[in-house]
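J.: Questions regarding the structure given below will be posed in turn.
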Amino acid sequence: MTNNFIQNCWKNLEKNSSIPTKLNNVLILDFNEAKKKILEEDQDFIKKITKSLFEGNFYILKKAFSKEFMINLRKKSFELYKSKPSEFHKMLEGAPDFHRVIDIEIGKKYAIKMCKHSFYFYPWNKDPLKIFEPIYERWRIVKKLMGLDEREYESNTPKDGVVDRIQVVQYPSKVGYLEPHTDPHQHQRLFFSGYMSKQGEDFEGLGFYLIDKNNEIVEVEHQIETGDVGIGYSTIYHGVAPVNTNKTPDWENGEDGRWFLSMFSNASDEVKSRVTSASIKEKFLDKRLYPNFE
Ligand SMILES: [Fe+2]
């Protein structure tokens, strides 16, 4: 087991204090620099970054993907499903890839309220956009940093309990949002997000945010370029606020709004009493975080 050192760093942190829920600071690091140190198992680096993540720091890892990769992924996901009906499939054995238009009404049925257009891809399907290999190249580094085996869950299917899922998401102008929430840390200690759009270029407004110890909203999009990724301890409060709030949402337009890539190892629906993302106790009254229908 090569990951004993990293595992132990996490276990010590988790043994000695409670898991973090609020953001401490936003830090910036080059993805390739972090990758090198993680692969080398640089003990100083691993000790520092695991401690820092456990203290509630959020890292923007610059240039993990190329801008072209992300723009292509946006376009290809939208094109692939353009003429296919919106569907929903539980994470059960044999689940297909699909897309789902989650409008405001449908989005109220989820544990966390949301409004978005999601494209779901599983590793046991045919990988129509050939995205698993380039994404796994990066995901393996982050999995290793989480104390997992680099290829953990990759060949799992729902009957194994935990499965990898790639979700490409379009948050349409004005209505696209995801309530502030925490993600389960049981199977992956860190949330791992890919940024597919750039503030000021592709959209205007808040987008992804985190919540700090004073319950203040912390904006981060101004520090993010298309192709960067973000990592933070899964239980740190975070959410997605509407963008382009003065525009009309256009669900038929693949260029509308803000795009986002989520890579998560989920407990499948074959698991009884599985842990999922949760909405949080505090109610954030900041109107910028929710769609406005005036
Ligand atoms: Fe999340």
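J.: Please give me, ordered by residue number, the GluC sites (Glu not before Pro) of the stretch 82-175 that lie in loop per DSSP and have at most 15 other Cβ atoms within 10 Å. Working shown, then result.
T.: Values: sites: Glu87, Glu93, Glu105, Glu137, Glu150, Glu152, Glu154; in loops: Glu87, Glu93, Glu150, Glu152, Glu154.
Hits after loop and neighbour filter: Glu87, Glu93.
J.: Keeping every protein chain in place, order Leu285, Leu210, Leu92 by accessible area at 1.4 Å, biggest value first, i.e. largest first.
T.: On the way: Leu285 150, Leu210 0, Leu92 70 Å².
The ordering from most to least exposed comes out as Leu285, Leu92, Leu210.
J.: For the stretch 22-109, run through the chymotrypsin sites (Phe, Trp or Tyr not before Pro) and keep only the ones in DSSP coil with at most 12 other Cβ atoms within 10 Å of their Cβ.
T.: Within the stretch 22-109, the qualifying chymotrypsin sites (Phe, Trp or Tyr not before Pro) (loop, at most 12 other Cβ atoms within 10 Å) are Phe88.
J.: Near the amide H of Phe264, under 5 Å away, which other amide H atoms are found, from residues 5 or more places off or on another chain, if H is placed in the peptide plane?
T.: For Phe264, whose amide H was placed from the backbone, the distant partners under 5 Å are Arg165, Gln167.
J.: Do any trypsin sites (Lys or Arg not before Pro) in the stretch 213-294 lie in a loop, going by DSSP, with at most 10 other beta-carbon atoms within 10 Å of their beta carbon, and if so which?
T.: Those satisfying the criteria are Lys272, Lys281, Lys283.
J.: Which lysines does Lys159 reach when only Cα atoms under 29 Å apart count, and residues fewer than 8 places away in its own chain are ignored?
T.: Lys11, Lys84, Lys90, Lys108, Lys109, Lys113, Lys116, Lys126, Lys130, Lys143, Lys144, Lys272
J.: If you don't mind, there's one more thing I want to ask. Apply the Karplus curve 6.51 cos²θ - 1.76 cosθ + 1.60, θ = phi - 60°, to the phi angles in the stretch 86-102 and return the couplings in whole Hz, x for Gly and Pro.
T.: Here the 3J(HN,Hα) series is 5, 9, 9, 9, 5, 7, 10, 3, x, 4, x, 6, 6, 10, 9, 8, 9 Hz.
J.: Ok, one more. What residues have an amide H closer than 5 Å to that of Gly161, excluding those fewer than 5 places away on the same chain, when H is modeled at 1.01 Å from N in the peptide plane?
T.: Here the answer is Ser268, since their amide H atoms fall under 5 Å of that of Gly161.
J.: Okay, next question. Test of understanding: in a Gaussian network model of the chain with alpha carbons linked when under 10 Å, which of Tyr177, Tyr120, Tyr110 would top the mean-square fluctuation ranking?
T.: Comparing Tyr177, Tyr120, Tyr110 in a Gaussian network model of the chain, the most mobile one is Tyr110.
J.: Still on this structure, I have one more. Would you compute, for the Cα atoms of the chain, the largest minus smallest coordinate along each principal axis and list the three values in descending order, in whole Å?
T.: Between the extreme Cα coordinates on each principal axis of the chain lie 51, 44, 39 Å.
J.: Now a separate question. If you find the alpha carbon centre of the stretch 80-126 and of the stretch 159-178, how far apart are they in angstrom?
T.: Here the answer is 8 Å between Cα centres.
J.: Output wanted: per-residue J couplings in Hz (rounded whole) for the stretch 253-263, from phi through Karplus 6.51 cos²θ - 1.76 cosθ + 1.60, θ = phi - 60°, x for Gly and Pro.
T.: 10, x, 9, 6, x, 10, 10, 8, 10, 10, 10
The values are calculated or read from the model by the stated rules, or taken from the named source; none is laboratory data. Please read all numbers here as calculations on a predicted model, not as lab measurements. Using ideal geometry, Cβ is built from the backbone for each residue, glycine included, and neighbour counts are taken over all protein chains shown. When the accessible area is computed, the model is the full protein with side chains, heavy atoms only, and any ligands, DNA or RNA have been set aside. Shrake-Rupley method; radii C 1.70, N 1.55, O 1.52, S 1.80 Å.
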